[in-house]
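What follows is one structure encoded as structure tokens, with my remarks underneath.
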Amino acid sequence: MSFDKAFATTMAFEGGHTIVDGHETYMGIDRTKHPTWRGWAIIDACLKEGKPLQANLNQLVREFYQVNFWIPLSCHVIDVMSEAVAEELFEASVNCGPGNGAKFLQRALNALNKRGKLYPDLKVDGVIGTQTIGAVLVCVDVRPVRLLVKCQNGEQYIHYKSWSKHEDFPGVFERT
């Protein structure tokens, strides 16, 4: 899977420009966390002039996610070993934060490690380094890739569940 495919799949579930309780995002980019993103100047100008948001924002969003998520998380390296694992890492990182997405992968790898027999258990630190990449290489060679992806997804589920005291997680999984 290329970045383009992972990006398209993930962005299909991201909203456009939203302001909820004073919290502003555009395609999942949070203004408070990324105030220097170049797209904010375009958005501000369009809103001030009452114009629709410009199409060239799509390229800025694409570049943002490639530079801030795909490459730092080594998805381009993991993608060579398993497209599905790279896509899940990217999607979870966009939705839950890059450190969390990396931790989901590390916990999943530790769970599938045959009690430390396949590779040394990973430190769950949210950093995709050579040990995590090595563990992915071994894991996808000896375990079904879908099992690793399901474990990553299970970790994401646990993360979402911790957000809510309600069993039905109001608002967390709703897509418009």
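Let me spell out the model: positive unit charges on the Cβ of Lys and Arg, negative unit charges on the Cβ of Asp and Glu, origin at the Cα centre of region 118-158. What dipole size does that give, in debye rounded to 20?
The calculated dipole for region 118-158 is roughly 160 debye.
Using the charge dipole of the chain (Lys, Arg: +1 at Cβ; Asp, Glu: -1 at Cβ; taken about the Cα centre), state which of Gly39, Val77, Leu118 has its Cα farthest towards the positive end.
Value computed over the given set: Leu118.
What is the magnitude of the charge dipole of the chain about its Cα centre, with +1 placed on the Cβ of each Lys and Arg, -1 on the Cβ of each Asp and Glu, and no other charges, expressed in debye to the nearest 20?
500 debye
Among the lysines, which have Cα under 22 Å from the Cα of Lys103 when same-chain residues fewer than 8 positions away are ignored?
In chain and number order, the partners are Lys33, Lys114, Lys117, Lys123, Lys150, Lys161.
Could you compute how fast the chain diffuses translationally, taking Rh as the Kirkwood radius over C-alpha pairs and applying Stokes-Einstein at 25 °C with viscosity 0.890 mPa s? Give it in µm² per second.
141 µm²/s
Among Val67, Val138, Gln152, which residue has its Cα positioned farthest towards the positive end of the charge dipole of the chain, with +1 placed on the Cβ of Lys and Arg, -1 on the Cβ of Asp and Glu, and the dipole taken about the Cα centre?
Selected residue: Val138.
What part of the accessible area of region 3-48, given as a whole %, is carbon or sulfur when the probe is 1.4 angstrom?
In region 3-48, the share of accessible area belonging to carbon and sulfur is 58 percent.
Could you state the accessible area per residue of region 1-157 in Å², with a 1.4 Å probe and every protein chain left in place?
52 Å²
For the chain, calculate the relative contact order in percent as a whole number, restricting contacts to Cα pairs under 8 Å that are 6 or more residues apart.
It rounds to 18 percent for the chain.
Report the local net charge at Asn113: Lys and Arg +1, Asp and Glu -1, summed over other residues whose C-beta lies under 12 Å from its C-beta.
Counting the neighbours of Asn113, the net charge comes to +4.
Counting helices only, and only those DSSP H runs with n ≥ 4, report the 222 nm mean residue ellipticity of the chain as the sum of -39,500 (n - 2.57) divided by its residues, in deg cm²/dmol to the nearest 500.
-17000 deg cm²/dmol
Can you grab the distance from the C-alpha centre of region 106-168 to the C-alpha centre of region 6-66, Å, no decimals?
The distance from the Cα centre of region 106-168 to that of region 6-66 comes to 30 Å.
Using the basic label-point model (7 angstrom from Cα toward the beta carbon), what is the Val142 to Lys117 distance in nanometres?
For Val142 paired with Lys117, the spin-label model returns 0.7 nm.
The values are calculated or read from the model by the stated rules, or taken from the named source; none is laboratory data. Keep in mind that what you see is a predicted model, and the values were worked out from it rather than measured. Cβ sites come from the backbone with ideal geometry, for glycine too, and all protein chains shown count toward neighbours. Protein only, heavy atoms only, side chains kept; ligands, DNA and RNA dropped before computing areas. Shrake-Rupley method; radii C 1.70, N 1.55, O 1.52, S 1.80 Å.
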